[in-house]
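Just below is one structure, and these are the notes that go with it.
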Amino acid sequence: MNWIGRSIKRVEDERLLRGEGRFLADLRQPGTLEAIFVRSPHAHAAVRGIDIAAARAAPGVVAVFTARDTAGRTAPVCVAGEVHTPERLLRELKPLDRVHPTPLFPAERVTYVGQPIALVVAERRAQALDAAELVAVDYEPLPAVTDAAAALAPGAPLVEPEWGSNLALSVGIRKGDPDAAFAGAPVVVEEEFTSHRYVAAPLETRGIQATMDPVTGQLTVWASTQTAHVLQGLIAVSLRMPPDRVRVIACDVGGGFGQKGVQSVEDMLVAFAARELGRTVRWVEQRGENLVAAPHARDQVAPHRGRGDRGRPHPRAARRGDHELRRLQLPRHGGAVQLAVAPARAVRRAARVDPGAGRAHQHVLHDRVSRRRPSRGGIRDGAHHRAARRAARPRAGRRARAKPRAEGGDALRHRPPVPRRLRAGLRFGRFRGAVAPRAQADRAGGRARRQRAPAPDGRLIGVGFALYVEGTGMGPFEGATVRVQPSGRVHIATGACSSGQGHRTTYAQIAADVLAVPIEAIDVVGGDTAAVPYGIGTIASRSTVTAGNAVHQASQLVRDRLLAIAAEMLETATADLELADGKVRLKGAPGRAVELAQISREATAAVLRRGAPGDGLLAETAYFRPPTVTYASAAHAVLVAVDPETGIVSIERYVVVHDCGRVVNPLLADAQIAGGVMQGIGGVLYEEMAYDAQGQALSGSFMDYAIPIAAQAPPLVLDHIENPSPRNPLGVKGLGEGGAIGPPAAIANAVEDALRPLGVVVRRGPLTPARVRELIRNSSQRGGAA
C-alpha cells in the first residue's frame with residue numbers, strides 16, 4: 001500500500017479534540033512557581049533605579065530578579081535561528097553591520113515598550129501579578145523615534161548613542177547596468193509601497209517551564225517553541241552551561257508562525273530563575289504581552305528609488321520586453337534590538353526575483369518599538385506590480401512573463417547576481433503550463449465582463465493576481481531516528497517541532513511507505529533534544545523537505561536491517577523477502593513470515609547471545625542535508641467587491657494553484673494553504689500593530705487588534721501542480737508559508753483594480769474601511785492617485 005499521496009485525517013486530532021493535548025499551560029507540576037515580568041512602560045528611558053523591597057516582601061513571593069542578579073552570570077542573547085550561517089553570509093555580502101547581542105535585562109536604558117526589566121517569581125500566579133505592581137522603577141523618559149524615515153533624519157534620537165547612527169545594517173547587490181537599462185526603457189514607474197507592521201498572534205501565546213535536577217545538574221525545559229535544539233543551544237550559551245546539561249522538550253504548540261521560531265530573553269530568564277532557585281518555574285505569556293512585547297512582523301518600506309514625498313526614496317521600475325528592470329532600496333524597521341542576518345537574506349531575495357538588470361539595497365534601522373522578526377512569508381510581499389499595470393499586455397500575462405524561464409519542474413537556468421559561494425541556494429525557474437495559465441483562466445469566462453460595470457448594489461468589482469516563487473526547505477540539516485520497538489511499534493524522533501502542521505501524520509506516512517506498516521502503529525515525537533541529538537526545527541517552510549527526507553532515509557536503513565535479520569531467521573536471501581502488513585515475508589509464500597516485533601527482539605537477543613556490536617536496538621538515525629533550497633511557486637487570483645460608500649472590501653472568490661512538489665497528504669496540504677490564505681487576508685484587510693509618536697502601542701489587545709474570523713473566510717478554490725523536486729529523494733518542496741504570501745499583493749491589486757475608475761493607487765495596508773474611504777477621498781481631492 002502506498003501511503004504517500006493519500007488524504008489521511010490527522011492522527012493527532014482525536015487526542016486534541018478530547019482535551020488531552022499537553023500545551024505549556026497544561027504542564028503545571030506540584031510545587032511549580034509562577035513567573036511574571038515587569039515591563040517598561042516607556043519606549044525610551046534611562047533607568048535610574050529599581051526598588052524591589054515591597055515586591056520581595058509581598059505574600060507568596062520567592063524571588064525578584066533584576067539586572068543586578070544576571071550581570072556577570074549570564075551571556076547576552078545573540079542571533080536566534082541564524083546561528084549557523086551569519087558570519088559567512090555577512091562576509092560574502094560585505095554589509096555595514098551592527099549585530100546587537102541582547103542582555104537579559106537592561107542595565108541603564110529601556111529601548112521599547114514592553115521590554116522586561118524585572119522578573120517576579122511567586123507560589124501562585126495571582127501573587128506574582130500583585131507583587132509585580134509593587135516593583136518601583138525610577139525612569140527618566142527620553143526622546144523616541146518610531147518612524148523609519150525619521151530614524152535617519154539628522155538629530156534623530158539614537159538607540160545606540162555610541163554608534164552615532166540608527167543605521168544597523170546596509171547591504172546591496174547590483175546586476176548588469178541598471179542605469180543604461182532605465183535610460184532605454186519605454187515605461188518607467190516610480191512608487192513607494194509600505195508593508196505595515198503586524199503580529200503573528202498565535203492562538204497559544206509564548207510560554208516556558210524549567211526545572212533543575214539537584215542530583216544530575218540537568219536543566220529540563222518545556223517550551224512552546226518551533227526550534228527546540230536552537231533554544232537548547234542558546235540557553236546553554238546564555239546560562240554558561242554545557243549543552244548536554246540542557247534538555248528542551250517542545251510541548252504541543254498552538255501555532256507559531258515564526259514568532260516561536262526565534263528565542264527571546266524571557267526564555268533565558270525563566271531558565272535562569274529555575275537554576276538559581278532549584279525549583280520548577282513557569283511563565284505563560286498574557287495576550288497583551290504577546291501583542292506588545294513578542295516579535296512583530298513586516299514593517300518595511302519597499303522597493304524605492306528617486307525622490308518623493310517626505311524626503312523618502314521611491315522605487316523605480318522599468319519594463320522592456322519580457323524583463324522587469326528594478327532598482328530597490330529597502331528601509332526596514334529592525335526594532336529596538338537588531339539581529340541582523342535576516343535582512344541581509346532579504347536583499348538576496350530581492351535581487352533573485354528579477355532576471356533583468358537592476359540593483360537592490362537595504363537599510364535596516366533601529367527604532368523604539370518592539371523587535372521585528374520574519375513571520376509566515378517573511379518579507380515576500382509583492383510590491384513591484386505597478387510597472388506591469390502600466391504596460392500594454394493583459395495583467396495576468398504580464399505577471400506570468402515577468403517570471404524566470406526554465407524548462408521542467410526544477411530545471412533551473414536563472415542565476416541571480418550574488419557571490420559564487422551563495423549561488424547554490426539561489427537558482428530557480430518557471431513551471432511551464434502550470435500556475436500562470438490557471439490564474440488567467442480564472443479571470444476569463446465572465447469575470448472580466450463583470451468588472452466593467454458596478455454590481456447591482458453599487459459595489460465596484462476588481463480582480464487581482466499574485467505570482468511568487470519561494471525558496472523552501474533550507475538547511476543546513478535536519479535529523480530523525482526511526483526505531484522498531486520490541487512491541488513491533490515504530491517510533492520516530494525528529495528535531496522538527498509541530499505547531500499544528502500535522503507532523504505526526506505526514507512523517508508516519510513517509511515511514512509507513514518504506515516499512516509497510518499501518519500509520520496507526522507509528523508514534524512520532526518532535527522537538528525533544530534527548531531523543532535526537534542534533535536538529536534545527538520548524539521554520540521557513542522547511543520541515544517536510546528536511547525532516548521528511550531524514551525520516552525517509554532512516555526508514556530505509558531500518559528496512560535494510562529488518563530484511564537482513566529476517567533473512568537469518570528464515571534462512572533465506574534478503575532478495576527473496578518483502579515487507580507487508582507489519583511483517584517480513586517470503587515472496588510468493590506469505591505464510592512464511594516474521595513480525596516486526598519478533599525481529600526487534602531478535603536484534604536484542606543477538607547482542608546478548610553473540611556479543612554482537614551495538615546496543616541491541618533496531619534503530620537508525622539519519623541527517624538530511626539539502627544541497628540547496630527547493631523552489632515552490634503559486635498563483636493567487638482573487639475577485640473582490642468594494643463598497644465605495646462604506647469602504648468595506650468583500651472577497652467574492654479566491655483561487656490558489658500551488659506547486660509544492662510531491663504532495664505527501666493532499667488533505668493537510670489544502671489545510672495549510674487555507675490557513676495561510678486567511679492569515680494573509682488578515683494582514684492585508686484587518687491587522688495592524690500601530691504606535692503613536694511616543695512609541696506607545698495603540699492596538700495592545702484584541703479589542704483594537706483585529707484578526708479575521710471564520711465568518712470572513714471567502715469561497716476558496718485550491719489546486720495543486722505536482723512538479724517533484726530533483727533535489728531530495730521524496731521530491732517534496734516546502735508549503736507552510738505558501739498560502740500567506742500571495743493574499744497581500746493579490747488583494748491589494750484587486751482593490752486597486754476595483755477603484756481604478758476613481759484613480760486610486762494602493763500603496764499600503766491594511767485596507768480597512770476607514771483607509772479605503774480615505775484613499776477614495778484623497779484621490780477625488782487630488783484628481784488622481786491617493
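The values are calculated or read from the model by the stated rules, or taken from the named source; none is laboratory data. Computed from a prediction, not measured in an experiment: that's the story for all the values here. All Cβ positions, even for glycine, are placed from backbone atoms using ideal geometry, and neighbour counts span all protein chains on display. Keep in mind that these areas ignore ligands, DNA and RNA; they rest on the heavy atoms of the full protein, side chains included. Shrake-Rupley method; radii C 1.70, N 1.55, O 1.52, S 1.80 Å.
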Scan region 142-170 residue by residue and report those that are outside any loop (DSSP other than H, G, I, E, B) and farther than 23 Å from residue 196 by Cα. 161, 162, 163
Of everything in region 1-32, what is under 31 Å from the mean Cα position of the chain (by Cα) and among the hydrophobic types (A, V, I, L, M, F, W, C)? Give them in sequence order. 3, 4, 8, 11, 16, 17, 23, 24, 25, 27
Cβ contacts < 8 Å: first residue in contact (Cβ under 8 Å) with a residue 24 or more places away in the chain, restricted to region 6-21; second residue surrounded by fewer than 11 Cβ atoms within 10 Å (Cβ to Cβ), any location; separation 6+ or different chain. Result? 11/520
Please count how many residues of region 230-268 are in contact with a strand residue (DSSP E or B) (Cβ under 6 Å, 6 or more places away or on another chain) and among the acidic types (Asp, Glu). 2
So how many residues does region 12-49 have that are open to solvent by 40 Å² or more (accessible area, probe 1.4 Å), outside any loop (DSSP other than H, G, I, E, B) and farther than 16 Å from residue 66 by Cα? 8
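Listed here are the residues, each with its yes/no results for (1) within 18 Å of residue 282 (Cβ to Cβ); (2) open to solvent by 30 Å² or more (accessible area, probe 1.4 Å); (3) within 21 Å of the chain's Cα centre (by Cα).
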position: 218; (1), (2), (3): yes, yes, no
position: 231; (1), (2), (3): yes, no, yes
position: 234; (1), (2), (3): no, no, yes
position: 237; (1), (2), (3): no, yes, no
position: 241; (1), (2), (3): no, no, no
position: 244; (1), (2), (3): no, yes, no
position: 247; (1), (2), (3): yes, yes, no
Going through region 577-612 in order, the residues found to be assigned to a helix (DSSP H, G or I) and open to solvent by less than 70 Å² (accessible area, probe 1.4 Å) are 596, 597, 599, 600, 602, 603, 604, 605, 606, 607
Which is closer than 26 Å to residue 295 by Cβ and modelled with pLDDT under 95, of 88, 39? 88
Have a look at 698, 730, 718, 735 and point out the one that is in contact with a strand residue (DSSP E or B) (Cβ under 7 Å, 6 or more places away or on another chain) and buried (at least 20 other Cβ atoms within 10 Å of the Cβ). 735
Conditions first: (1) out of contact with any helix residue (DSSP H, G or I) (no Cβ under 9 Å at 6 or more places or on another chain); (2) assigned to a strand (DSSP E or B). Residue 620 passes all but one, so which condition is the exception? (1)
Filter result for residue 566 (part of a helix (DSSP H, G or I), among the small types (Gly, Ala, Ser) and modelled with pLDDT of 95 or more): yes
So residue 709 fits all but one of (1) farther than 16 Å from residue 199 by Cα; (2) surrounded by fewer than 17 Cβ atoms within 10 Å (Cβ to Cβ); what number is the exception? (1)
In contact with a Ser or Thr (Cβ under 9 Å, 6 or more places away or on another chain), more than 16 Å from residue 555 (Cα to Cα) and either modelled with pLDDT of 90 or more or not in a loop (DSSP other than H, G, I, E, B) (or both), is that true of residue 626? yes
Hey, can you tell me all the residues within region 645-667 that are in contact with a strand residue (DSSP E or B) (Cβ under 6 Å, 6 or more places away or on another chain), open to solvent by 20 Å² or more (accessible area, probe 1.4 Å) and assigned to a loop (DSSP other than H, G, I, E, B)? 662
Tell me, please, whether a residue that is over 30 Å from residue 376 (Cβ atoms), modelled with pLDDT under 95 and not β-branched (Val, Ile, Thr) can be found in region 427-436. no
Within region 474-485, is there a residue that is under 26 Å from residue 255 (Cβ atoms), buried (at least 21 other Cβ atoms within 10 Å of the Cβ) and modelled with pLDDT under 95? yes
How many residues are in a strand (DSSP E or B) and either open to solvent by 20 Å² or more (accessible area, probe 1.4 Å) or over 16 Å from residue 264 (Cα atoms) (or both) if we restrict to region 193-207? 6
Within region 763-775, the residues that are open to solvent by less than 70 Å² (accessible area, probe 1.4 Å) and modelled with pLDDT of 95 or more are 766, 767, 768, 769, 771, 772, 775
Taking the condition of being touching an Asp or Glu at 6+ places or on another chain (Cβ under 7 Å), over 21 Å from residue 65 (Cβ atoms) and not in a loop (DSSP other than H, G, I, E, B), how many residues in region 251-297 meet it? 0
Quick one: residue 225 ticks every box in (1) closer than 16 Å to residue 535 by Cα; (2) open to solvent by 30 Å² or more (accessible area, probe 1.4 Å); (3) touching a Leu at 6+ places or on another chain (Cβ under 7 Å); (4) not charged (D, E, K, R) bar one, so which box is it? (2)
Restricting to region 517-530, what's the tally of residues that are of a type in the set (Gly, Ala, Ser) and surrounded by fewer than 21 Cβ atoms within 10 Å (Cβ to Cβ)? 2
(1) open to solvent by 40 Å² or more (accessible area, probe 1.4 Å); (2) within 30 Å of residue 251 (Cβ to Cβ): which one isn't true of residue 545, the others all being true? (1)
Exactly one of 567, 511 is without any contact (Cβ under 8 Å) to a residue 12 or more places away in the chain, touching a strand residue (DSSP E or B) at 6+ places or on another chain (Cβ under 9 Å) and open to solvent by less than 20 Å² (accessible area, probe 1.4 Å), and that one is 567
Name the single residue that is nearest to residue 549 (Cα to Cα) among those in region 496-508 being open to solvent by less than 40 Å² (accessible area, probe 1.4 Å) and touching a Leu at 6+ places or on another chain (Cβ under 9 Å). 506
